[in-house]
Amino acid sequence: MSVETIEIRRAEILSTAAQNLILALESEMLKLYPEDAEDAATDHFTLGADDVAVGRGAFMIGYTANTPVACGAIRLLNPETAEIKRMYVVPQARGQGIAGRLLDVLESEARHLGAREIVLETGPRQPEAISLYSRAGFVEIEGFGKFKDHPLSYFMGKEL
């Protein structure tokens, strides 16, 4: 599979494909961060349909051969700041440039929404994610949101 065979399209976050990818992401995150199981059970992973509604954000799915293999979302935190959420590529499709292509699409969506900066939260046990974001120009920033002081949260951002 090459990155050229990936089609990235806007999707409903409540669609079966989206929900399956989100469940796989959550399962993987709970394995990486088992101490966060209580937060995950409450709202650590929360992202609602309103957050990604037209004009407020977008939920995107990457497909290869019509099979969903990646997802990611962008949502406005305020009129000038957008946040990346739910970035995920299924294990068998990793290392092929799909995440970078998806990140480009999410950044484009953020610009379309009028954002001037983009932020995200990842974790120290996800060096591949940190590397991806660093290559795309993201730098470490001060924490934000409910988990701004969480010891297993790593925050990054970039100006658009």
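The values are calculated or read from the model by the stated rules, or taken from the named source; none is laboratory data. Note that the coordinates shown come from a computational prediction; the quantities given were computed from them, not determined experimentally. No Cβ is skipped: glycine too gets one built from the backbone with ideal geometry, and neighbour counts run over all protein chains shown. Just so you know, the surface numbers come from the protein's heavy atoms only, side chains and all, with ligands and any DNA or RNA stripped out. Shrake-Rupley method; radii C 1.70, N 1.55, O 1.52, S 1.80 Å.
Descriptive notes on the structure:
- Summary value for the chain: 20 percent relative contact order, contacts being C-alpha pairs under 8 angstrom separated by 6+ residues.
- Solvent-accessible surface of protein heavy atoms, probed at 1.4 angstrom with all chains present, puts Tyr133, Tyr154 in the order Tyr154, Tyr133, largest first.
- In order through the stretch 49-61: 3J(HN,Hα) via Karplus (6.51 cos²θ - 1.76 cosθ + 1.60), integer Hz, x for Gly, Pro: 4, 5, 5, 10, 5, 3, x, 10, x, 7, 10, 10, 10
- Assuming charge only on the beta carbon of Lys and Arg (+1) and of Asp and Glu (-1), the dipole of the stretch 41-160 about its Cα centre is about 300 debye to the nearest 20.
- Here the scattering of the chain is modelled by Debye summation over its C-alpha atoms, one equal scatterer each and no solvent; at q = 0.09, 0.14 Å⁻¹ the log10 of I(q)/I(0) is -0.26, -0.67.
- Using θ = phi - 60° and Karplus 6.51 cos²θ - 1.76 cosθ + 1.60, couplings along the stretch 78-94 (whole Hz; Gly, Pro as x): 7, x, 10, 10, 10, 10, 7, 9, 6, 5, 7, 10, 4, x, 6, 10, 6
- Cα→Cβ-extended label distance, 7 Å offset, between Arg10 and Ser131, nm: 3.4 nm
- Per residue, the convex hull volume that the Cα atoms of the stretch 85-138 enclose (Å³): 82 Å³
- Hits among lysines - C-alpha to C-alpha of Lys31 under 27 Å, sequence gap 8 or more where chains match: Lys85, Lys146, Lys148
- Ordering Asp36, Asp149, Asp51, Asp104 by accessible surface, largest first, gives Asp149, Asp104, Asp51, Asp36; the 1.4 Å probe counts only protein heavy atoms, with every chain in place.
- Here the 3J(HN,Hα) profile of the stretch 104-114, calculated from phi with Karplus coefficients 6.51, -1.76 and 1.60 at θ = phi - 60°, is 4, 5, 5, 5, 4, 4, 4, 4, 4, 7, x Hz, Gly and Pro shown as x.
- Trypsin sites (Lys or Arg not before Pro) within the stretch 62-160, DSSP loop, no more than 12 other Cβ atoms inside 10 Å: Arg116, Lys148
- Each Lys or Arg adds one and each Asp or Glu subtracts one; over the other residues with Cβ under 12 Å from the Cβ of Glu142, this totals -2.
- Ser15 accessible area, assembled protein chains, probe 1.4 Å, Å²: 40 Å²
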